[in-house]
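Beneath this line is the structure, given in structure tokens, with notes to follow.
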Amino acid sequence: MEFFGLLTLGFFLGMSHAMEADHLAAVSSLWRAHHGRRRIMQSTFYWSAGHALTMLVFAAYCCYRALIYQPEMKRCWNWPLWRW
């Protein structure tokens, strides 16, 4: 159940981020720059695929680092300051 909650939180944070002014300006400029529905859909697909690929690479890197430094991370979380 924790994973589903985290996934839902990530989805809504992503949707909130997608509605920010800089993203809306970028998408609207893509719509104005290209003529024809197919060209518009192609360019917005590549733009969104670039965002998704960046997030997947970053998540894979974080998972890799967590696996490599797992003993050090456990030692860090056992530090008395983190125990509430």
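The values are calculated or read from the model by the stated rules, or taken from the named source; none is laboratory data. Since this is a predicted model, take the numbers as computed values, not measurements. Backbone-built Cβ (ideal geometry, glycine too); neighbour counts: all protein chains shown.
Any residue in the range 17-45 that's in a helix (DSSP H, G or I) and small (Gly, Ala, Ser): show its pairings with residues that are surrounded by 13 or more Cβ atoms within 10 Å (Cβ to Cβ) and at pLDDT 85 or above at Cβ separation under 7 Å, as long as the two are six or more apart or on different chains.
As it stands, the answer is none, since no pair meets every condition given.
Return the residue satisfying two criteria in turn: it lies in the range 21-42 and is surrounded by 10 or more Cβ atoms within 10 Å (Cβ to Cβ) and not hydrophobic (A, V, I, L, M, F, W, C), and of such residues it is farthest from MET55 (Cα to Cα).
HIS34
Can you tell me how many residues in the range 1-17 are within 18 Å of MET55 (Cα to Cα) and at pLDDT 80 or above?
Of the residues in that region, 10 qualify.
Give the residues of the range 1-49 that are touching a His at 6+ places or on another chain (Cβ under 8 Å) and small (Gly, Ala, Ser), sorted by residue number.
Selection gives SER43 alone.
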